[in-house]
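The values are calculated or read from the model by the stated rules, or taken from the named source; none is laboratory data. Given the structure is predicted, the values throughout are model-derived calculations rather than measurements. For neighbour counting, all protein chains shown are included, and Cβ atoms are generated from backbone atoms with ideal geometry for every residue, glycine included.
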Amino acid sequence: MVDDLHHDGGLGNARDGGSRRPEKPAHDHRPLTDREVPIKQDFGNETRVLAPAIHAWLDGELPEASVRRGETSKDVEFWRMIGAEAERRRTSRMPLDLESRIMEALPHTLPVEITPWFRREFVITPGKAVALGGGLVVATAVATALLML
């Protein structure tokens with residue numbers, strides 16, 4: 001009979017309580033890679049995936065001339081416009097007084113929300129609780145005295 005309750009998946013001897021670990025290689029020379037997720041573009045009823053050649057061009061692996069023909073020319077033009085707009089926004093300068101104008105436009109007080117009395121939080125401090133209890137005792141004594149007369 002084989003005891004497979006403590007099976008270690010073929011990594012060593014299962015009877016030693018799992019104390020053995022698999023040996024790791026001293027140097028792992030596999031290159032680090034990013035996995036690209038294809039961007040789907042909707043054109044009405046047609047869904048299109050960006051061509052691998054466009055991905056290679058965007059990564060700098062292909063020259064622009066090799067992807068600027070055929071169906072990929074629209075994609076190249078689109079990504080060139082995105083690059084130009086990003087560069088334009090990267091180099092734009094804000095006016096020197098913009099920060100002070102923004103800070104002046106902000107309200108200097110906290111906004112107050114008006115809530116009805118029945119939705120407000122009901123807080124009783126210890127002093128108020130003693131006063132309320134004393135008032136109830138006095139009111140009860142007065143009511144009892146009036147009923148006894």
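Considering the conditions (1) over 32 Å from the mean Cα position of the chain (by Cα); (2) exposed (fewer than 10 other Cβ atoms within 10 Å of the Cβ), residue 131 is excluded by exactly one of them, (2). Contact map, the range 82-109: residues that are farther than 27 Å from residue 58 by Cα paired with residues that are part of a loop (DSSP other than H, G, I, E, B), Cβ distance under 9 Å, separation 6+ or inter-chain. Pairs shown: 101/95. A single entry from 113, 77, 61, 87 fulfils the requirement of being closer than 30 Å to residue 49 by Cα, of a type in the set (D, E, K, R) and part of a loop (DSSP other than H, G, I, E, B): 61.
Conditions (1) polar (S, T, N, Q); (2) out of contact with any strand residue (DSSP E or B) (no Cβ under 7 Å at 6 or more places or on another chain); (3) part of a loop (DSSP other than H, G, I, E, B); (4) exposed (fewer than 10 other Cβ atoms within 10 Å of the Cβ), marked per residue:
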| residue | (1), (2), (3), (4) |
| --- | --- |
| 81 | no, yes, no, no |
| 94 | no, yes, yes, yes |
| 99 | no, yes, no, no |
| 103 | no, yes, no, yes |
| 109 | yes, yes, yes, yes |
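Here residue 31 clears all of (1) at pLDDT below 85; (2) surrounded by 10 or more Cβ atoms within 10 Å (Cβ to Cβ) except the condition numbered (2).
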